[in-house]
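What follows is calculated from the coordinates using simple rules that are stated; it is not laboratory data. These numbers come from a predicted model, not from an experiment. Here the Cβ is made from the backbone with ideal geometry for all residues, glycine too, and neighbour counts use every protein chain on show.
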Amino acid sequence: MTDALRTRTSGIDRAIQVMDALTERQTAMSAYELAKSIGAPVSTIYRIVDELVERDMLSRTAAGHVWLGPRLMRYGLVYRSHIDMFAEAKAEMQALSRRTGETVQVCARDDGMMVVIAMAVGEGPFRVTSDVGTRVPLNWTASGRLLLGHLPDAERVAAFAQCARPSDTGSAETDPELLARQSRDDYLRRLALQIGNSEYSVACIAAPIRDTDGVCVSTMSIVLPEQQVNQRMDTLTHEVQRAAESVERALGRKAA
């Protein structure tokens, strides 16, 4: 690698650090503050800031501080216009199914119901009865709990009070207060588990797909036989969260 390439790469990294710092702080900053925040030489940040301002990647306030520039909005709008959440989720779903060999579903909320909007069938003999278009009450599934997890406490309780009903297996929780707490806990840890609630001997490991505002717009879930859950829990948990986070990054959400 040449010295020129090393210098250019370093400059790109510093520029990204500057824009990341502004995005995280959500406020204009001076070049000195940016340098201290990033841990970079002040002279380097002054030079990079000047170059980014010249190119409209950053802008200056009346006080001389810097903020994100208008050129970034143009890039962002073009990027967002070409992002299809369903297409991104479907691609990750298929990749997850190939990696794990299990059936994977993408689910969304339809009022008080959870609906399967996409599915990739695993390689093994195990098959689930739910297919694309299947709708079940939110309290029956791990995905259903996650889909309400971003809501304020009172709204979660009210939603579960309206939609919760006993499952065919008799295993689904129906108490709105308890469901609301489980829903929030699942959302915060980015993982929900369900065993035998909607189908006998069937387990589900689900992770939320959140937009930039933190709304759980859909879920990624692995569906497998109940007896296999404990054997592969750590691996499958990592894989489903990894797949969900990949979709979130495509939607513009920064990794936790």
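Some notes on this structure:
- Inverse mean reciprocal Cα-Cα distance (Kirkwood Rh) of region 3-81, Å: 12.9
- Estimated [θ] at 222 nm from DSSP helical runs (n ≥ 4, -39500 (n - 2.57)) normalised by residues in the chain, nearest 500: -15500 deg cm²/dmol
- Charge dipole magnitude, Cβ of K and R +1, D and E -1 - the chain, Cα centre, debye nearest 20: 740
- Scanning the chain for long hydrophobic helices, with DSSP H runs required to stretch 30 angstrom or more by C-alpha along their axis and to average at least -0.5 on the Kyte-Doolittle scale, returns 3-25.
- Think of region 3-81 as a dipole: +1 on every Lys or Arg Cβ, -1 on every Asp or Glu Cβ, centred on the Cα centre; then among Ile45, Met73, Ala28, Met73 lies furthest on the positive end.
- Positive-end residue, the chain charge dipole about Cα centroid, Cβ charges, pick of Val116, Pro208, Ala192: Pro208
- Spacing of the modelled spin labels on Glu226 and Asp211, each 7 Å from Cα toward Cβ, amounts to 3.7 nm.
- Value of Rg to Rh for the chain (Rh from inverse mean 1/r over Cα pairs, i.e. Kirkwood): 1.10
- Region 175-256: radius of gyration over Cα atoms, expressed as a fraction of 2.2 N^0.38 Å: 1.14
- Gain on full extension, evaluated as 0.36 nm per residue between Trp67 and Thr44 minus their Cα-Cα distance, stands at 6.5 nm.
- Full extension of the segment from Asp168 to Arg25, taken as 0.36 nm per residue of separation minus the current Cα-Cα distance, would add 46.6 nm.
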